[in-house]
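*Asks:* Could you have a look at this structure, given as structure tokens, before my questions?
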Amino acid sequence: MAILDILSFPDPRLRIEASPVVAFDAALQRLIGDMKETMYAESGIGLAATQVNEHRQLLVMDMSETRDQFRVFINPELTFASGSETCEEGCLSVPGVYAEVSRASEIGVRAQNPDGSYFDATLKGLDAVCLQHEMDHLKGKLFVDYLSPLKRMMVRKKLEKRKRKGGEGAVTL
Ligand code: GNR
Ligand code: NI
């Protein structure tokens, strides 16, 4: 397995819309393994293929404290979304930036497993937040898109400064 590079905002490749996965082959299994290793190496609770410059409908998650509940969602589709909940979000592609985002509090999802078989799941709380965040990545959308233009400009400035000075400091908007 390998740790992959993560694209960061405002890289235009984060805006590419992912295409459905059609081949459940060895190359796909390798990508899943690499995304798993990358997510754990970066201490993320989720990772979308878009973030590692693979524009396919694939995301991985592990919401557990113990980091042993690895989940894969391929070609995910929401079957329902209800309620609303605000949560402070962060993103490996927008490092050091945290902001409150409002999303559905309970969702249904139909997706495929690494072997191509289908499953249905109901998610709520932080699980639902994370899956919606990852599914947004697959559509080329980032959590900072929900902020005001002024705050988004602050994010851009913050990340430019981080790049110049080498990765320190966090900001909550
Ligand atoms: O690691 C992550 N934490 C997080 C916290 C609140 C809401 C969403 C997330 S997802 C993020 C990893 C990431 O960027 N996935 O795309
Ligand atoms: Ni993210």
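*Asks:* If you roll a 1.4 Å probe over the heavy atoms of the protein chains, what accessible area per residue do you get for the stretch 46-173, in Å²?
*Replies:* 49
*Asks:* If exposed GluC sites (Glu not before Pro) are those in a DSSP loop with at most 11 other Cβ within 10 Å, what is the longest stretch of the chain that has none?
*Replies:* The reported range is 66-167.
*Asks:* From the protein chains alone at 1.4 Å, what is the descending order of accessible area for Ile45, Ile107, Ile6, largest first?
*Replies:* Ile45, Ile6, Ile107
*Asks:* Also, I was wondering about something else. Normalised by the residues of the stretch 1-147, what does the relative contact order come to in percent, with Cα pairs under 8 Å and at least six apart?
*Replies:* Dividing the mean separation by the residue count of the stretch 1-147 yields 26 percent.
*Asks:* A further question on this structure: Suppose each label sits 7 Å from its Cα in the direction of the beta carbon; what would the Lys151-Asp120 distance come out to in nanometres?
*Replies:* Calculated label separation equals 3.5 nm.
*Asks:* Continuing with the same structure: Expressed as a whole number of Å, what is the distance separating the alpha-carbon centroids of the stretch 1-49 and the stretch 73-142?
*Replies:* Value for the Cα centre distance between the two parts: 15 Å.
*Asks:* Starting from the residue with the highest accessible area, list Asp127, Asp68, Asp62 in decreasing order, probe 1.4 Å.
*Replies:* Highest to lowest solvent-accessible surface, that is Asp68, Asp127, Asp62.
*Asks:* Mind checking the angle between helix 125-138 and the chain's longest principal axis? C-alpha axes, 0 to 90 degrees, to the nearest 10.
*Replies:* 90
*Asks:* Here is a further query. Under the rule a/c < 1.5 gives rounded, and otherwise a/b versus b/c splits prolate from oblate, where does the stretch 91-173 land using the Cα gyration tensor?
*Replies:* Prolate.
*Asks:* Looking at the chain, how many pairs of lysines come closer than 25 Å at the Cα, when each pair is eight or more places apart or spans two chains?
*Replies:* 17
*Asks:* Shifting gears a bit: Can you pull the percent of the stretch 1-153's accessible area that's carbon plus sulfur, 1.4 Å probe, other chains left in place?
*Replies:* Answer for the stretch 1-153 is 50 percent, counting heavy atoms of protein chains only.
*Asks:* A further question follows. Going by the alpha-carbon gyration tensor, a ≥ b ≥ c the square roots of its eigenvalues, is the stretch 1-117 rounded (a/c under 1.5) or, if a/c is not under 1.5, prolate (a/b greater than b/c) versus oblate?
*Replies:* It comes out rounded by the Cα gyration axes.
*Asks:* Moving to a separate point now. How far is helix 149-165 tilted, in degrees, relative to the longest principal axis of the Cα atoms in the chain, given as a value from 0 to 90 rounded to the nearest 10?
*Replies:* It works out to around 80 degrees.
*Asks:* Mind checking the angle between helix 26-41 and the chain's longest principal axis? C-alpha axes, 0 to 90 degrees, to the nearest 10.
*Replies:* The two axes meet at around 40 degrees.
*Asks:* Where nothing but the Cβ of Lys and Arg (+1) and of Asp and Glu (-1) is charged, how large is the charge dipole of the chain around its Cα centre, in debye to the nearest 20?
*Replies:* Rounded to the nearest 20 debye, it is 920 debye.
*Asks:* I've got another one for you. Can you tell me how much longer the chain between Ala27 and Met1 gets when fully stretched, taken as 0.36 nm per residue apart minus their C-alpha distance, in nm with one decimal?
*Replies:* Gain on extension, Ala27 to Met1, equals 8.2 nm.
*Asks:* Give the accessible area for Tyr146 in Å² (nearest 10); use a 1.4 Å probe, count only protein heavy atoms, and leave out ligands, DNA and RNA.
*Replies:* Accessible area, nearest 10 Å²: 100 Å².
The values are calculated or read from the model by the stated rules, or taken from the named source; none is laboratory data. All of these numbers come straight from a predicted model, not from anything done at the bench. Heads up, the Cβs are rebuilt from the backbone with ideal geometry, glycines too, and the neighbour counts pull from every protein chain shown. Accessible surface areas use protein heavy atoms only, side chains included; no ligands, DNA or RNA. Shrake-Rupley method; radii C 1.70, N 1.55, O 1.52, S 1.80 Å.
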